[in-house]
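The next block holds one structure in the form of structure tokens; read it before the comments.
Nothing in this text is a laboratory measurement; each read-out follows from the coordinates by a stated rule. Predicted model, so just to flag it, every value in this text is computed and none were measured. Don't worry about glycine lacking a Cβ; one is built from the backbone with ideal geometry, like all the others, and counts go over all protein chains shown.
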Amino acid sequence: MLFQFGFYSSLLLITFSQGIVYSLLLLVKAIKTETNSNYWLSIFIFLCSLFVAPWMLGFAGWYDNQPYRDFLFYTPFQHLFFIGPVIYFYTQSLLNPSFRLTKRNFLHLVPGILYLFYTLFMWIYDKYIFKDYYFYKDGIDKDFESWYHNTGMVSMAIYFIASIRYYNLYRKLMFQVVSYADSILFQWIKTYLYSFLIMLVLPIVFDTITIFYPELNSYTGSWWFFLFFSIVMYYIAVTGYANPIVTKIPFEISVFDKKPALLLANNFSVEEAIIDIEHETFEAQTSPEIETWKKKIENIIAEEKLYQNPELTLTDLAKKLDTNAAVISKAINQGFGLNFNDFINNFRIEAVKRSFQQGEHKKSTLLGIAFDCGFNSKATFNRAFKKNTGLSPKEFIEKL
């Protein structure tokens, strides 16, 4: 097989081959762990690797020799209409275990499928009907046409915005339904979305640079864009493969409609509760019903020390009180003016302060006390303690 090794082709070959390797590794990991998110990340890395392939193979001599030239012409490598939906599906599958590729979600893939049929039609017409170059008489690969790249970038930008919106809604929901929200806010989500944003901005950056350096507006000059693109792809592949966290709270959210979230049962079919995610902060309100629930909630948490459970959820508390999670959520939001996460952390902080006052910090580490009181990480403990008291744990001890 023809491959002319050189500076340009060899560097892209390294990143391309690494992309393919990590795509396969993620696929294997997805099969072993049965996590849908790894399937989607595997597909994303594979599509990004294909995106780089024409430039790598072009510098390897494929556009100058047959039958490699025709293979590049008639084989679609740059699937711009697929990349956006795939990153959006990856975001949803990473955050929501109830995500499935339904018929409605499948519609997002239709533009990409239509482009595949478009390229197939060009090959059939040129090869078997016209029997010569008709669509490719200008000698330019259709993957590089401006209309395709422009609409493809717009598509990816739209799905990038949708992914950010989905994550923000997820974040609001987690503070309402779990007591360990900080640990599942996924720094990785922000990392790969920032990386994807760099991919989107790179064409604009290079177009701007070519205004001042016209020599970059060439086949060789464009190579730098694909090199930077492939480096970002490689970074996403490596860090994404190492990401160990998968959320366990199933839900339904309408991304662009102002509707509350639907908290689902573990079988992904039974509706449990409608949760208010429109507000991030709440004002305390009072009514006979709310006051009744406030007393019940405070009593059972204090008596059974439920706050010591580092994975306590709103559903767990609702089951203890033989009611619906929506009822408890509303009672906490309106009765205490807090979300569930902050509400439970306040109990934990009070328990920590009692331990300090009893001198437990002289017998145990601060982190050990925090863990005993229900916190699951040092960072979460420090943030919650500072938010509750205005002091760090060490400063609080010094003031005792």
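Data overview
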item	result
Ranking of Thr102, Thr380, Thr210 by count of other Cβ atoms within 10 Å, fewest first	Thr102, Thr210, Thr380
Extension gain from Val21 to Phe256, taking 0.36 nm per residue of separation minus the Cα-Cα distance	81.0 nm
Exposure proxy order (Cβ contacts within 10 Å, fewest to most) of Asp132, Asp322, Asp372	Asp322, Asp132, Asp372
For segment 309-352 versus segment 35-98, the gap between their alpha-carbon centres in whole angstrom	45 Å
Förster radius 25 Å - calculated FRET efficiency between Gln187 and Lys399, Cβ distance, rounded to 0.05	0.15
FRET efficiency estimate (nearest 0.05) - Cβ-Cβ, Val110 to Thr281, R0 45 angstrom	0.65
Residues Leu227, Leu263 arranged by fewest to most Cβ contacts within 10 Å	Leu227, Leu263
Theoretical FRET efficiency, 1/(1+(r/R0)^6), r = Cβ-Cβ of Ser377 and Thr208, R0 35 Å, to 0.05	0.25
Inter-site label distance for Glu360 and Ser146 at 7 Å from Cα along Cβ, in nm	6.9 nm
Inter-probe distance in nm under a simple model that places probes 7 Å from Cα toward Cβ, at Ala242 and Ile129	5.2 nm
Kyte-Doolittle mean at least 1.0 and Cα axial length at least 15 Å: DSSP H helices in the chain	7-33, 36-59, 80-95, 110-124, 187-212, 219-242
Selected from Tyr194, Pro111, Leu173, residue furthest toward positive end of dipole (segment 97-195; charges at beta carbon)	Leu173
